[in-house]
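A.B. asks: Sending over a structure as structure tokens; questions will come in a sec.
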Amino acid sequence: MAENIERPIGLTAKPTRPQDFYDSVKRKYAEERDLRLKYRPNGLSQYTYELTGELAKYEIDTYAEPPKPREPINDAVECLFIGGGFSALLTSARLREVGVESIRIVERGADVGGTWYWNRYPGISCDVVAYDYMPLLDELDYIPKDHYAGGPEIFAHCQAIARKYNLYELATFQTTVTSTSWDAAEQLWHVETDRGDHMKARFVICANGILTKPKLARIKGLESFKGHSFHTSRWDYAYTKHDLSGLEDKVVGIIGTGATAVQAVPKLGAAAKELYVFQRTPSSIDFRDEWPTDPNWARKLGTGWQAQRRERARREPQMSEDQKARYAAMSAEEKLRRQENANVEAMMKIHERIDRIVKDKATAESLKPWYMLMCKRPCFHNEYLPTFNRPNVHLVDTHGKGINEITEKGPVFDGKQYELDVLIYATGFEVQKTGTYNLIKGVNGLNLNDKYRDGVRTLLGVQSHGYPNLFIMGGLQASFQFNFTDISQAQGEYIADCVKYVRNHGLQSLDVTPQAEEWWVQEVIEHRGKTNFNQECTPGYYNFEGEFQRRQDGNYNGGFFQYCRHLNEVRERMEDHFTFGGKTLTSK
Ligand code: NDP
């Protein structure tokens, strides 16, 4: 029956209740946010990002043998990528199209894939529709198996891209870049690594991802736990076994209830003797519209179907004349109120869904998120909520406080000791440090991190004045999309065009002019000042855990369409935005 078919709620719910209702929900949102900010005034530094000493084990690659000794590499390539995930793979494909032959990926993992190399936890999947998320489907003549792809299929696709574009040949795995310095005389980057390499490259592309380094909450006694423990991005299958049968007789705990935990918990609940889920803030869980790809639909897809689909998605939504007139007649306050009410309505539908699915009333209440949808990454899952109906699964609601103490037996909350065999950290990653992880020394030896100390300064989030031939993908001051590969596609095409321009004009380098950089910084500032949405959100990585941020130290909020338009404008008028080997070219 059509009315019984569940559909994702998204932001389509219409506000139909009295304004008092929406106002009271917003007051509750503010209380819940303030509670969390009071518990954690230390913002981003509540986490530890340097996993060294006793914590080093949480970062060890569990998927590959330790690296074998090898001779240092001392050669020169045209384009060098730091990181081998989708950003590098996509951009490499575009670079091949403009004729670049010498491409090297330098990657910490033992293969390409980035996020999809590291994250192999049970249940891993992507919440963006596979036909949009998985790039280069036309080029590889591949159609995803399902509406939403699982981790292994996406990882295999990454490997297929690397094979198709011949990227394994020069790739250097299990290698971490330690410094990248510009040599003005040679007009080349010198790249050093933890394996003693000293490579040179004409262009360097920082493609080290937005969620790269696993982080841990600074919890008293974390190191004292005597049971087994690991981070979700370094899943220990040697311990759990691939079918998780190793957990059959184990009491398992998981800290964190973000997008990763939402996917892993159903598998853990089904496999473990007992499972304790330690929750600080619940995620919003919407219906996931899963189905296998219809072979009839797939058969009818013509050449270039994904490119056409992407083109449609990049087109700005059009309003009718009537809609435009009504929108223009509304005051700014009215527009905001309507948006907020619709958002609250959507969240109330998420709450109703919890009530329908979760049998225990107290557990259902605990699982209800009290913040605007999109304050945290929205989740889509059909088994997460039902997992809490299992007798062996226990939600430990810490009411915003979180776990602050761990003993040798396991976490303690509210004076109660939880004795565990295994403790899994689903506490997330350091965010958007791409481009600033390692020492990057530009013209005059200035470290990029030092330049950013007084505020991030870029053109389009991709280039920064004083760092010729350096490109940053997925960094700050760029647009931030739910579908990460949308951004990589747009930036990859732009980067390939910049490289092509330099090559085709017999040049050696390009560098952003200070004026072009200043223009973009002001664009970012202007668009980030328009709403208080971020400040009003519950803390999380989307709003830097509630920390104050200079307006320029975030993402470009002018929208993806506008961002792509600016990328096009710049590449159509390169001469107006760059100098070339220190010289200005005049535009035609
Ligand atoms: P997140 O940063 O989203 O989540 C970390 C979790 O740890 C939060 O629930 C946080 O609570 C909790 N936490 C931290 N410290 C404590 C503590 N002391 N006690 C209890 N809980 C604590 O990390 P994820 O790995 O879940 O996700 C990261 C991102 O990766 C996602 O947002 C998404 O972009 C991507 N991803 C996408 C997926 C998809 O497509 N479905 C799947 C997986 C990941 P609090 O909320 O209170 O801060």
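The values are calculated or read from the model by the stated rules, or taken from the named source; none is laboratory data. Values in this document were obtained by computation on a predicted structure and should not be read as measured data. In this analysis, Cβ positions are derived from the backbone assuming ideal geometry, glycine residues included, and neighbour counts consider all displayed protein chains. Areas reflect the complete protein model, heavy atoms only, side chains present, ligands, DNA and RNA absent. Shrake-Rupley method; radii C 1.70, N 1.55, O 1.52, S 1.80 Å.
A.B. asks: Charges at C-beta only: +1 for Lys and Arg, -1 for Asp and Glu. How large is the resulting dipole of region 10-113 about its Cα centre, in Debye rounded to 20? All intermediate terms of the calculation are to be shown ahead of the outcome.
C.D. replies: Details: 16 positive and 17 negative charges, 160 e Å.
Approximately 780 debye in magnitude.
A.B. asks: Something else now. Among Ser245, Ser45, His157, whose Cα projects farthest towards the positive end of the dipole of the chain, with charges put on the beta-carbon of Lys, Arg (+1) and Asp, Glu (-1)?
C.D. replies: Ser45
A.B. asks: With all protein chains present and a 1.4 Å probe, how do Thr62, Thr240 order by accessible area, largest first?
C.D. replies: Thr62, Thr240
A.B. asks: Out of the GluC sites (Glu not before Pro) in region 222-294, which ones are loop residues according to DSSP with at most 16 other C-beta atoms within 10 Å? Spell out each step's value before the answer.
C.D. replies: Working: sites: Glu223, Glu248, Glu274, Glu290; in loops: Glu248, Glu290.
Sparse-neighbourhood loop GluC sites (Glu not before Pro): Glu248, Glu290.
A.B. asks: Could you size up the charge dipole of region 478-588 around its Cα centre, putting +1 on the beta carbon of Lys and Arg and -1 on that of Asp and Glu, and report it in debye to the nearest 20? Could the numbers behind the result be given before it?
C.D. replies: Details: 11 positive and 16 negative charges, 67 e Å.
Charge dipole of region 478-588: 320 debye, to the nearest 20.
A.B. asks: Over 19 Å between Cα atoms, which of Lys14/Lys335; Lys57/Lys267; Lys273/Lys401; Lys38/Lys401; Lys361/Lys409 qualify? Please report the intermediate quantities before stating the final value.
C.D. replies: Working: Lys14/Lys335 14 Å; Lys57/Lys267 24 Å; Lys273/Lys401 27 Å; Lys38/Lys401 9 Å; Lys361/Lys409 30 Å.
Lys57/Lys267; Lys273/Lys401; Lys361/Lys409, as the Cα separations exceed 19 Å there.
A.B. asks: Measure off, as a whole percent, the carbon and sulfur share of the 1.4 Å-probe accessible area of region 335-377, all protein chains present.
C.D. replies: Details: 1000 of 1930 Å².
Answer for region 335-377: carbon and sulfur cover 52 percent of the accessible area.
A.B. asks: Moving on. Find the relative contact order for region 60-181 and round it to a whole percent, using C-alpha pairs within less than 8 Å whose residues are 6+ positions apart. Mind dumping the intermediate values first?
C.D. replies: Values: 145 pairs, mean separation 38.7, N = 122.
Relative contact order comes out at 32 percent.
A.B. asks: Non-local amide H neighbours of Gly85 (under 5 Å, H modeled in plane, Pro and chain starts lacking H): which ones?
C.D. replies: Correct list: Gly113, Gly114.
A.B. asks: While we're looking at this one, here's another question. On C-alpha positions alone, give me the angle between the axis of helix 514-528 and the longest principal axis of the chain, in degrees, nearest 10.
C.D. replies: Compared with the principal axis, the helix lies near 20 degrees.
A.B. asks: Quick one: ranking Trp182, Trp297 by accessible area, 1.4 Å probe, largest first, what do you get? Show your work: numbers first, answer last.
C.D. replies: Working: Trp182 25, Trp297 90 Å².
Final ranking, largest accessible area leading: Trp297, Trp182.
A.B. asks: Here's something else I'd like to know. Step through the residues of region 556-568 one at a time and calculate ³J(HN,Hα) from phi using the Karplus curve (6.51 cos²θ - 1.76 cosθ + 1.60, θ = phi - 60°), rounding each to whole Hz and writing x for Gly and Pro.
C.D. replies: Computed from phi, the couplings for region 556-568 are 6, 9, x, x, 5, 4, 5, 4, 5, 4, 5, 4, 5 Hz.
A.B. asks: Could you tell me which chymotrypsin sites (Phe, Trp or Tyr not before Pro) in region 446-553 are loop residues by DSSP with no more than 10 other beta carbons within 10 angstrom of their beta carbon? Can you show the working numbers first?
C.D. replies: On the way: sites: Tyr452, Phe471, Phe480, Phe482, Phe484, Tyr494, Tyr501, Trp519, Trp520, Phe533, Tyr541, Tyr542, Phe544, Phe548; in loops: Phe480, Phe482, Phe548.
Loop-located and lightly packed - Phe548.
A.B. asks: Can you give the charge dipole size of the chain about its Cα centre, rounded to the nearest 20 debye, using +1 on the beta carbon of Lys and Arg and -1 on the beta carbon of Asp and Glu?
C.D. replies: Working: 76 positive and 80 negative charges, 143 e Å.
Taking the Cα centre of the chain as origin, the dipole is about 680 debye.
A.B. asks: Here's something else I'd like to know. Name the cysteines of the chain that stand alone by the Cβ rule: no other cysteine Cβ under 4.7 angstrom.
C.D. replies: Lone cysteines by the Cβ rule: Cys79, Cys126, Cys158, Cys206, Cys379, Cys498, Cys564.
A.B. asks: For the chain, what is the calculated [θ] at 222 nm in deg cm²/dmol (nearest 500), taking -39500 (n - 2.57) for each run of four or more DSSP H residues and dividing by its residue count?
C.D. replies: Details: 20 runs with 199 residues, N = 588.
That calculation yields -10000 deg cm²/dmol at 222 nm.
A.B. asks: I've got another one for you. Report His228's accessible area, 1.4 Å probe, all protein chains in place, as a number in Å² to the nearest 10.
C.D. replies: So the heavy atoms of His228 present about 60 Å² to solvent.
A.B. asks: Using the alpha-carbon atoms, what tilt in degrees (0 to 90, nearest 10) does helix 151-164 show relative to the longest principal axis of the chain?
C.D. replies: For helix 151-164, the angle is close to 10 degrees.
A.B. asks: Given points 7 Å out from each Cα along the Cα-Cβ axis, report the Lys349 to Glu65 separation in nanometres with one decimal.
C.D. replies: With each label point 7 Å from Cα toward Cβ, the separation is 5.3 nm.
A.B. asks: A further question follows. Excluding ligands, DNA and RNA, what is the solvent-accessible area per residue of the chain at a probe of 1.4 Å, expressed in Å²? Numbers along the way, then the final one.
C.D. replies: Numbers: 26460 Å² over 588 residues.
That works out to 45 Å² per residue.
A.B. asks: List the relative contact order of region 387-473 as a percent without decimals, with contacts defined as Cα pairs under 8 Å and 6+ residues apart. Walk me through the intermediate numbers first.
C.D. replies: Numbers: 65 pairs, mean separation 12.1, N = 87.
Averaging sequence separation for qualifying contacts and normalising by length gives 14 percent for region 387-473.
A.B. asks: Please work out whether region 81-231 counts as rounded, prolate or oblate from its C-alpha gyration tensor, where a ≥ b ≥ c are the square roots of the eigenvalues and a/c under 1.5 means rounded, while otherwise a/b larger than b/c means prolate and anything else oblate?
C.D. replies: Details: a/c = 2.50, a/b = 1.12, b/c = 2.24.
Note, shape of region 81-231 comes out oblate.
A.B. asks: With bins 20 Å wide starting at 0, give me the P(r) of the chain over every alpha carbon pair, in whole percents.
C.D. replies: Bins of 20 Å from zero give 19, 53, 27, 1 percent of pairs.
A.B. asks: Once a ≥ b ≥ c are taken as the square roots of the eigenvalues of the Cα gyration tensor of region 167-276, is the result rounded (a/c under 1.5), prolate (a/b larger than b/c) or oblate (a/b not larger than b/c)?
C.D. replies: Details: a/c = 3.06, a/b = 2.58, b/c = 1.19.
In terms of gyration-tensor shape, prolate.
A.B. asks: Using the charge dipole of the chain (Lys, Arg: +1 at Cβ; Asp, Glu: -1 at Cβ; taken about the Cα centre), state which of Ala171, Leu510, Phe533 has its Cα farthest towards the positive end.
C.D. replies: Of the options given, the answer is Phe533.
A.B. asks: Once you have a ≥ b ≥ c as the square roots of the Cα gyration tensor eigenvalues for region 205-246, tell me rounded if a/c is under 1.5, and otherwise prolate or oblate according to whether a/b is larger than b/c.
C.D. replies: Details: a/c = 4.14, a/b = 1.27, b/c = 3.27.
Cα axes put region 205-246 in the oblate bin.
A.B. asks: On a 0 to 90 degree scale, rounded to 10, what angle separates helix 305-314 from the longest Cα axis of the chain?
C.D. replies: Here the helix axis deviates by roughly 80 degrees.
A.B. asks: For the full complex of protein chains and a 1.4 angstrom probe, list Lys359, Lys401, Lys213 by accessible area with the highest value first. Walk me through the numbers before you get to the answer.
C.D. replies: On the way: Lys359 155, Lys401 85, Lys213 25 Å².
If we order Lys359, Lys401, Lys213 from most to least accessible, we get Lys359, Lys401, Lys213.
A.B. asks: List the lysines whose Cα sits under 18 Å from the Cα of Lys200, skipping any in the same chain fewer than 8 residues away.
C.D. replies: Hits, sequence-local ones excluded: Lys441.
A.B. asks: If the cut-off is 17 Å between C-alpha atoms, which aspartates and glutamates fall inside it for Lys349, apart from same-chain ones fewer than 8 positions away?
C.D. replies: Glu3, Glu6, Asp23, Asp286, Asp289, Glu340, Glu365
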